[in-house]
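First the structure, in the form of structure tokens, and then the observations on it.
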Amino acid sequence: MTTNNVRLVDIQRKETLTDAEMEELIKLSPTGTFKSLPNMKTLGVVDVQRAFHNFEEGPQRVKNALENECYIEVISLRLQHAEFWLRTLWVAKNGKGKIFEPTDKRTFGAIIRDCKVYLPSDLTTQLENFNQNRIDAIHKYLLGATDYNELRKVCDDSTGLDNRVGKYVRTEIGIVIQSILTGTDLTGTNLTANFGGGNLGEG
């Protein structure tokens with residue numbers, strides 16, 4: 001292992017990095033590892049730090065919810081994760097400079113429709129099916145149209161979907177970063193790294 005590779009592994013193991021360490025990490029990583037996405041505030045994010053925290057703890061929350069058979073929570077968290085990536089795609093692609101205001105009331109189904117033109121047809125179909133299954137399973141549960149086993153099936157069928165959406169969006173719109181300019185205000189900047197993962201609930 002080269003000195004650079006040893007240093008790269010050392011930096012990757014750290015939970016928090018200084019600006020200098022982040023710059024070093026970007027330089028030592030293969031080109032294309034880090035990409036810039038639209039500023040999180042354009043996605044309707046109200047509190048950037050809290051959003052990062054919630055995003056980070058999502059996979060563990062889904063794992064816990066699955067283990068405890070809290071299927072409605074699993075479905076809801078996966079929906080929010082997929083919606084985050086769809087919002088990111090729409091902001092980057094709508095071509096009119098439009099953003100999501102914090103008060104935006106669009107439903108998940110409406111956001112899927114707004115993004116349909118930017119998504120591969122198979123991914124759109126998977127999202128539409130997930131949304132319809134979610135509606136049927138959750139909203140009709142107490143009406144007797146379904147049972148809790150059906151909720152588990154929705155969870156099983158949606159495993160990995162949010163990750164596929166995220167991967168597509170990062171590949172489609174992410175701008176490769178080779179350096180962070182010192183002194184740049186990064187508040188709300190949405191950086192993503194292709195280290196894998198990012199999926200809510202895939203084992």
Which residues, counting only those in the range 51-97, are hydroxyl-bearing (Ser, Thr, Tyr) and within 20 Å of LEU151 (Cβ to Cβ)?
-> TYR71, SER76
If GLN60 passes every condition in (1) touching a Cys at 6+ places or on another chain (Cβ under 9 Å); (2) within 18 Å of LEU161 (Cα to Cα) but one, which one does it miss?
-> (1)
Has the range 89-98 got at least one residue that is charged (D, E, K, R) and more than 17 Å from the chain's Cα centre (by Cα)?
-> yes
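Which residue is surrounded by the fewest Cβ atoms within 10 Å (Cβ to Cβ), if the candidates are limited to the range 66-75 and must be farther than 11 Å from ASP162 by Cα and in contact (Cβ under 8 Å) with a residue 60 or more places away in the chain? So that I can check it myself, show each step before the final result.
Step one: list which residues in the range 66-75 are farther than 11 Å from ASP162 by Cα, which gives 66-74.
With in contact (Cβ under 8 Å) with a residue 60 or more places away in the chain added as a condition, the list becomes 66, 69, 71-72, 74.
Details: LEU66: 18, GLU69: 12, TYR71: 22, ILE72: 16, VAL74: 26.
In this case the residue turns out to be GLU69.
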Among the residues of the range 1-58 satisfying the criterion of being of a type in the set (Asp, Glu), in the same structural domain as HIS81 (by TED's automatic domain parsing) and assigned to a helix (DSSP H, G or I), which is nearest to ILE75 (Cα to Cα)?
-> GLU57
What pairs can you find where one residue is in the range 80-109 and in the same structural domain as ILE175 (by TED's automatic domain parsing), the other is surrounded by fewer than 11 Cβ atoms within 10 Å (Cβ to Cβ) and not hydroxyl-bearing (Ser, Thr, Tyr), and their Cβ atoms are less than 8 Å apart, with a gap of 6+ or different chains?
-> PRO102/VAL46
Please determine, by comparing only the residues of the range 3-60 that are surrounded by fewer than 12 Cβ atoms within 10 Å (Cβ to Cβ) and of a type in the set (Ser, Thr, Tyr), which one is farthest from the chain's Cα centre (by Cα).
-> THR3
If we scan the range 132-154, do we find a residue that is buried (at least 17 other Cβ atoms within 10 Å of the Cβ), of a type in the set (A, V, I, L, M, F, W, C) and part of a loop (DSSP other than H, G, I, E, B)?
-> no
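The values are calculated or read from the model by the stated rules, or taken from the named source; none is laboratory data. Because the structure is predicted, anything quoted here is derived from the model rather than measured. Neighbour counts are summed over all protein chains in view; Cβ atoms, including those assigned to glycine, are modelled from backbone coordinates with ideal geometry.
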